[in-house]
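A short write-up of the structure that comes next.
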Amino acid sequence: MIVAMQDMAAETQIQQVIEHLVKMGFEVHRSTGARQTVLGAVGAGIDFDIRNLELLPGVQEVHRISSPYKLAGKSFRPEGTIVKLADGIAIGGNDVVVMAGPCSVESREQLFATAEAVAKAGARVLRGGAFKPRSSPYSFQGHGEDALKLLREAGDKFKLLVISEVMEISQIAMMLPYVDILQVGARNMQNFNLLRELGKVRKPVLLKRGIAATLEELLLSAEYIMAGGNYDVILCERGIRTFETYTRNTMDISAIPIIHKLSHLPMTADPSHGTGRRDKVAPMARASVAAGADALLIEVHCEPDKAWSDGAQSLFPEQFAKLMGELRMIAPAVGRKIA
Ligand code: PEP
Ligand code: MN
């Protein structure tokens with residue numbers, strides 16, 4: 001950590017800051033220039049609030065250098081994490097894995113028709129919500145365990161793995177036999193009790209960025225899961241809320257290379273929730289692969305106009321198949337291939 005004192009800060013103020021840092025466990029290196037003194041503090045733990053230093057008299061700025069997350073940080077595993085799934089599928093290696101399916105599981109017919117289409121186009125994982133976090137309590141909330149049974153059946157039939165969202169602790173044990181990846185939705189990214197429970201599970205977790213979460217907060221949430229011993233965490237950019245209203249969210253493509261710089265965890269892009277508009281999903285999916293995404297999560301519906309949730313952002317099966325063809329061309333240009 002670097003503490004820059006104000007120009008001409010009094011010696012008593014500098015000494016007070018040094019004492020404070022030493023009490024926190026830091027070793028302090030002092031550098032005194034003609035006007036300004038800068039203190040370099042090394043070695044203390046990670047759990048401190050820099051605002052306590054910023055408030056000391058004579059302090060101009062404080063910069064943290066070491067990251068507040070240890071397990072999720074790049075230095076924990078500089079070579080990167082490859083999350084191994086069943087059937088030889090892995091996320092974080094050379095292959096880009098495409099996960100696709102409806103927003104919600106509505107019926108057997110809807111799910112099987114969509115699963116067949118996405119499998120044929122080359123998806124490896126079937127998505128589908130069984131528990132839906134909806135803004136309105138009057139909107140469709142999901143078919144629960146019945147939906148999970150259908151997901152597993154469709155996944156097995158069309159050789160797709162299965163991902164579905166877990167919304168609360170009480171659902172975890174019930175969901176485990178049905179899914180290959182547990183999804184934590186944007187609204188639950190900081191549900192710390194849920195994250196802690198998922199740390200005890202031995203199944204990969206896809207953790208979505210909260211609608212107003214910084215990347216540091218996303219990584220700290222991943223840290224909650226990893227601190228429990230579950231290192232199979234896959235991160236996901238799904239758009240954040242900004243002042244822009246044209247799209248449902250603002251898809252932060254830069255999150256992909258930033259996460260790859262800060263963390264060893266694989267990074268997914270969800271252009272469906274990221275844009276909220278079917279016509280913008282393919283360009284953002286292409287951009288995500290070009291930017292280094294390890295996986296994509298895309299909503300596809302056999303009849304989007306009749307979807308019970310997120311129809312406007314769901315691709316028609318033909319659009320998805322066309323997109324997969326484009327991704328197969330883009331991936332090799334950045335040294336990857338579509339799984
Ligand atoms: C979803 O994937 O259907 C979903 C609800 O996503 P998010 O949590 O990103 O809104
Ligand atoms: Mn959705």
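The values are calculated or read from the model by the stated rules, or taken from the named source; none is laboratory data. What you see is a predicted model, and the numbers here were worked out from it, not measured in a lab. As a convention, Cβ positions derive from the backbone with ideal geometry for all residues, glycine included, and neighbour counts pool all protein chains shown.
Out of the residues in segment 292-320 that are within 25 Å of the chain's Cα centre (by Cα) and of a type in the set (A, V, I, L, M), which is nearest to ILE234 (Cα to Cα)?
Top of the filtered list is ALA295.
Does ALA154 satisfy the criteria of being buried (at least 17 other Cβ atoms within 10 Å of the Cβ), within 16 Å of ligand 2 (Cβ to nearest atom), of a type in the set (A, V, I, L, M, F, W, C) and in a helix (DSSP H, G or I)? Break it down stepwise before answering.
Numbers: buried (at least 17 other Cβ atoms within 10 Å of the Cβ): yes; within 16 Å of ligand 2 (Cβ to nearest atom): no; of a type in the set (A, V, I, L, M, F, W, C): yes; in a helix (DSSP H, G or I): yes.
So ALA154 fails the test.
For segment 30-137, which fully contained strands (runs of 3 or more DSSP E) count at least 2 residues that are closer than 25 Å to LEU151 by Cα? Explain how you work it out, then say what you get.
Numbers: elements: 37-42, 59-63, 95-101, 125-127.
Counting at least 2 such residues, we get 95-101, 125-127.
Any chance segment 173-189 includes a residue that's touching a Pro at 6+ places or on another chain (Cβ under 9 Å) and over 22 Å from SER272 (Cβ atoms)?
If we filter segment 173-189 for residues that are touching a Pro at 6+ places or on another chain (Cβ under 9 Å), which is where we start, we get 180-182, 185-188.
Going one step further and asking which of them are over 22 Å from SER272 (Cβ atoms), we end up with none.
No - not one qualifying residue is present in segment 173-189.
Can you name the number of the only condition in (1) outside any helix (DSSP H, G or I); (2) surrounded by fewer than 19 Cβ atoms within 10 Å (Cβ to Cβ); (3) touching a Leu at 6+ places or on another chain (Cβ under 9 Å) that SER164 fails?
Every listed condition holds for SER164 apart from (2).
How about segment 171-183: which of its residues are of a type outside the set (A, V, I, L, M) and not in a loop (DSSP other than H, G, I, E, B)? Steps first, answer last, please.
Taking segment 171-183 first, the residues of a type outside the set (A, V, I, L, M) are 171, 177-178, 180, 183.
Selection gives GLN171, GLN183.
All but one of (1) buried (at least 20 other Cβ atoms within 10 Å of the Cβ); (2) assigned by TED's automatic domain parsing to the domain that holds GLN15 hold for CYS103; state the number of the condition that does not hold.
Just one mismatch for CYS103, condition (2).
Give the residue that is surrounded by the fewest Cβ atoms within 10 Å (Cβ to Cβ), with candidates limited to residues of segment 201-228 that are among the basic types (Lys, Arg) and out of contact with any helix residue (DSSP H, G or I) (no Cβ under 8 Å at 6 or more places or on another chain). Break it down into steps so the answer makes sense when it comes.
The first filter runs over segment 201-228 and keeps only residues among the basic types (Lys, Arg), leaving 202-203, 208-209.
Then drop every residue that is not out of contact with any helix residue (DSSP H, G or I) (no Cβ under 8 Å at 6 or more places or on another chain), which leaves 202-203.
Details: ARG202: 9, LYS203: 15.
The qualifying residue surrounded by the fewest Cβ atoms within 10 Å (Cβ to Cβ) is ARG202.
Restricted to segment 47-65, and to residues that are among the hydrophobic types (A, V, I, L, M, F, W, C) and loosely packed, with under 11 Cβ neighbours inside 10 Å, which residue is nearest to GLY25 (Cα to Cα)? Break it down stepwise before answering.
Initially, segment 47-65 is screened for residues among the hydrophobic types (A, V, I, L, M, F, W, C), giving 48, 50, 53, 55-56, 59, 62, 65.
When the remaining residues are screened for being loosely packed, with under 11 Cβ neighbours inside 10 Å, the result is 55, 65.
Values: LEU55: 19, ILE65: 16 Å.
Across segment 47-65, the extreme among qualifying residues is ILE65.
How about segment 292-315: which of its residues are of a type in the set (A, V, I, L, M, F, W, C), within 16 Å of ligand 2 (Cβ to nearest atom) and either in a loop (DSSP other than H, G, I, E, B) or not assigned by TED's automatic domain parsing to the domain that holds VAL96 (or both)? Please lay out each step first, then the result.
Going through segment 292-315, the residues of a type in the set (A, V, I, L, M, F, W, C) turn out to be 293, 295-298, 300, 302, 307-308, 312, 315.
Restricting the remaining residues to those that are within 16 Å of ligand 2 (Cβ to nearest atom) gives 296-298, 300, 302, 307-308, 312, 315.
Passing the criteria: CYS302, ALA307, TRP308.
Go through (1) closer than 29 Å to ALA333 by Cβ; (2) among the hydrophobic types (A, V, I, L, M, F, W, C); (3) within 16 Å of ligand 2 (Cβ to nearest atom) and name the single condition ILE91 misses.
Here ILE91 clears every test but (3).
For the structure I just gave you, tell me whether PRO133 is under 19 Å from the mean Cα position of the chain (by Cα), farther than 30 Å from GLY325 by Cα and within 16 Å of ligand 2 (Cβ to nearest atom).
Values: under 19 Å from the mean Cα position of the chain (by Cα): yes; farther than 30 Å from GLY325 by Cα: yes; within 16 Å of ligand 2 (Cβ to nearest atom): yes.
In short, yes.
Only one of these is assigned by TED's automatic domain parsing to the domain that holds ALA291, out of contact with any Leu (no Cβ under 7 Å at 6 or more places or on another chain) and either among the aliphatic types (A, V, I, L, M) or at pLDDT below 95 (or both): ILE234, ILE211, ILE225. Name it.
Details: ILE234 fails: out of contact with any Leu (no Cβ under 7 Å at 6 or more places or on another chain); ILE225 fails: out of contact with any Leu (no Cβ under 7 Å at 6 or more places or on another chain).
When all the criteria are applied, what remains is ILE211.
Being among the polar types (S, T, N, Q) and touching a Gly at 6+ places or on another chain (Cβ under 8 Å) narrows it down to one of SER136, SER164, SER170, so name that one.
Working: SER136 fails: touching a Gly at 6+ places or on another chain (Cβ under 8 Å); SER170 fails: touching a Gly at 6+ places or on another chain (Cβ under 8 Å).
Just a single option satisfies the conditions, and that option is SER164.
Within segment 241-270, can you find the residues that are out of contact with any Cys (no Cβ under 6 Å at 6 or more places or on another chain) and within 16 Å of ligand 2 (Cβ to nearest atom)?
As a first pass, look at segment 241-270 and keep what is out of contact with any Cys (no Cβ under 6 Å at 6 or more places or on another chain): 241-267, 269.
Listed by number, the residues that qualify are ARG241, THR247, ARG248, ASN249, MET251, ALA269.
All but one of (1) crowded, with 21+ Cβ neighbours inside 10 Å; (2) more than 18 Å from the chain's Cα centre (by Cα); (3) on the phi < 0 side of the Ramachandran plot hold for ALA186; which doesn't?
(2)
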